[in-house]
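The values are calculated or read from the model by the stated rules, or taken from the named source; none is laboratory data. Not measured: the values here are computed from a predicted model. Neighbour counts are summed over all protein chains in view; Cβ atoms, including those assigned to glycine, are modelled from backbone coordinates with ideal geometry.
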Amino acid sequence: MHINDVVAGLLHADLEAAPLLRQEFVIRLAMWLRFSGQPVAYDVACMAGCLSYLSVKRRDANLSELPSGEAALLQRVIKIGCLTDALHGILPTSDYPEFELFAEYGDDYHEYPYIADAIKFLLWYAPRSNDKRQQASLQKAYFFLMKEGFSHWAHFSRRYFIKQWTLHRSASSLLYVMYHHMERDLLLDPRDVDFSTRVDTLAEDISTIHDLFAQAKWVGEQLSRRLHPKAQKNIRLPVFPDSLISKEIPTVRLGDYVYDAFEDYSSDVDSIED
C-alpha cells in the first residue's frame, strides 16, 4: 500500500468499515516513517508490525483459527515473496528493516532527529541578504549540524548525511513535525512489549495524526518555496488531499548563533545538491 493511500485512509476512510483497519493504517504510517526510502524493508516491516500486533492475543493460533477480521488484516499485508526471503535469511541486508536506533552520540540522537534538525534549519534559516547564494541549502544544513548547531554533538560524515537524507527525505516533513511539534513518538518498534498498546492508543487518537498531516503539508509547501530546485530533487513527500487544510507552524526564530556558525563557511566545496 502506497503512503498516499495510507494518508487518504487515515483522513477519509470509514475506519470502522473493516476490523483493525485503523490499526493497520497506523502501523503502515509508523513503518513508513522509518523506511520510506526502502520499499522492500517497508513491506517487511509492515508484516512484522501486523504480526506483532496480533501475536499479543493470538500467539499460538493458526491462521485458520483467527477471526475473519484478523485473518483479513494478514491477507492485506503479507507478501509471500518477502516473507519467504525473510524467513530463509536470504533477504538482502539493504532490504531488511533495522529497528534498532543507534544513538552513538548520546541524547538519543540518531538518524531520525538528525533529519528533523536538517529540516528545522532549511525551514527557518533566514539569510541576511537576497543573494540566492545565501539561501538555505542541504550543504549549509550539513555544515550547520556539524557545528553542533542545535546543541547536539553529532559529527557525522558528509557521506553519512547524504545517505540518511536519501533514505529519509520523503518522510522529512513528518519527522520534523513529530520531533519538534508533537508530544507523541510515532517511531514504533514491533519488538517492544507495549507495541500493540501504542498502536491502539494512536488508533484512538486520529486527531493527532490529522494534525501531523496538516502541519507536514504546510512544511512541504514552505520547503518548495525555499529550497533550491536541486535540493528538491527526488523528494517525494506524501500527497495530501486538497481537502486537508495546511496548519501553519508558528515562526521559530533562530538566534545569531546561526550566522556565527558560518563565519568559516566556504561555498567552494562540492554541493550536496549536485
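Test Arg184 against the stated conditions and say whether it is touching a helix residue (DSSP H, G or I) at 6+ places or on another chain (Cβ under 7 Å), closer than 22 Å to Pro97 by Cβ and surrounded by fewer than 16 Cβ atoms within 10 Å (Cβ to Cβ).
yes
Which one of these does Gly37 not meet: (1) assigned to a helix (DSSP H, G or I); (2) under 19 Å from the mean Cα position of the chain (by Cα)?
Here Gly37 meets the rest and fails (1).
Going residue by residue through the range 102-110, is there one that turns out to be crowded, with 16+ Cβ neighbours inside 10 Å and modelled with pLDDT of 85 or more?
No, the range 102-110 contains no residue that is crowded, with 16+ Cβ neighbours inside 10 Å and modelled with pLDDT of 85 or more.
Any idea which of Ala216, Ala203, Ala171 is surrounded by fewer than 21 Cβ atoms within 10 Å (Cβ to Cβ), among the small types (Gly, Ala, Ser) and within 19 Å of Leu11 (Cα to Cα)?
Within the list Ala216, Ala203, Ala171, the selection yields Ala203.
Hey, can you tell me all the residues within the range 49-101 that are under 21 Å from Gln23 (Cα atoms), modelled with pLDDT under 85 and either among the small types (Gly, Ala, Ser) or not in a loop (DSSP other than H, G, I, E, B) (or both)?
Lys57, Leu83
Any idea which residue in the range 223-238 is farthest from the chain's Cα centre (by Cα), counting only those that are loosely packed, with under 14 Cβ neighbours inside 10 Å and in a loop (DSSP other than H, G, I, E, B)?
Once the filter is applied, the top-ranked residue is Lys233.
Out of curiosity, is Glu273 within 21 Å of the chain's Cα centre (by Cα), at pLDDT 80 or above and assigned to a loop (DSSP other than H, G, I, E, B)?
Taking the combined requirement at face value, the residue does not satisfy it.
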